[in-house]
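Contents: one structure, followed by commentary.
Values in this text are rule-based calculations from the coordinates and carry no lab data. As the structure is a prediction and not an experimental result, all values here were calculated from the model. Every residue, glycine as well, gets a Cβ built from its backbone with ideal geometry; the counts of neighbours run over all protein chains shown.
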Amino acid sequence: MPPITESKTPIVSPTSPHGALPATLIAYTFLAMSERNKVNRSKQVISHVTGRRSFKQVSWTERNEEGEEPAAHELWRLTHQKEDGSWGSEHSREVYETVKDKLEEFASQSCHSPVASTPEEVLSSVVGQRSGHVRGRGCGPMPPSKLATTVATIVGLQSQVKDKEERMIQMEEIISKQRDDLDKIQEKLDRQHEEMSSQLNEMVNKKFMDMMSQFHRDLRSGY
């Protein structure tokens, strides 16, 4: 660290409750911070190439025609590979290649494979996870785990089954009511048929009796 030269001119710090601080203290603080940041950067094995743009901004900018943002491994490439095709670091390239190979391997396996299969899950399995940090997408809410997604799917299916059962019960009630109505209509038709048959028999009998009476009258008048 370079030597600090003494200055008697006070510097006003807006964040300091004491108002004015010696320039020596301010300079030493900034130099110490710069040195610490340099050491931290030297420890990084993964470096992005987005500059001041956040990963979320890059993801939003790179949406396709359907409005879908790039998958996790493609966003990793966009944020860690330079325009000339070189990578910000060798480790960044290795992460991308590993994730890409795993996705191709999972694509050739059964869709019911219990291992991680989405780009987000594979990327997290390769580079690990951090609290409040979505790997490859920057800070933000963590995506739901595979178990949580499975539970949500089961709950959704159970709700659909329940709705279908309720609709089936309603349909059975409607069909049962229609059957009752048909039975009542059939009973009414049967009664009407019996009444008509009875009336027809009475009319036939009466006609027959009238004809017989006329026949006897004609016989008597003939004698």
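Contour minus end-to-end for residue 175 and residue 154, with contour as 0.36 nm per residue of separation and end-to-end as the Cα-Cα distance? All intermediate terms of the calculation are to be shown ahead of the outcome.
Values: separation 21, 0.36 × 21 = 7.56 nm, distance 3.11 nm.
Fully extending the segment from residue 175 to residue 154 adds 4.4 nm.
Explain nothing, just the number: dipole magnitude of segment 145-223 about its Cα centre with +1 on each Lys and Arg Cβ and -1 on each Asp and Glu Cβ, in debye rounded to the nearest 20.
My answer is approximately 140 debye.
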(request) Compute the length gained on full extension between residue 207 and residue 56: take 0.36 nm times their separation in residues and subtract their Cα-Cα distance, giving the result in nm to one decimal. (result) 44.3 nm
(request) Could you work out how far apart the two model spin labels at residue 161 and residue 90 are, taking each label as a point 7 Å from the Cα in the direction of the beta carbon, and quote it in nm? (result) 5.4 nm
(request) Along Cα→Cβ, 7 Å out, is where each label goes; now give me the distance between the ones at residue 100 and residue 185 in nm to one decimal. (result) 7.0 nm
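Length gain on complete extension for the stretch residue 197 to residue 29, per 0.36 nm per residue less the alpha carbon to alpha carbon distance? Write down the numbers at each step before the final one.
Numbers: separation 168, 0.36 × 168 = 60.48 nm, distance 11.57 nm.
Full extension from residue 197 to residue 29 adds 48.9 nm.
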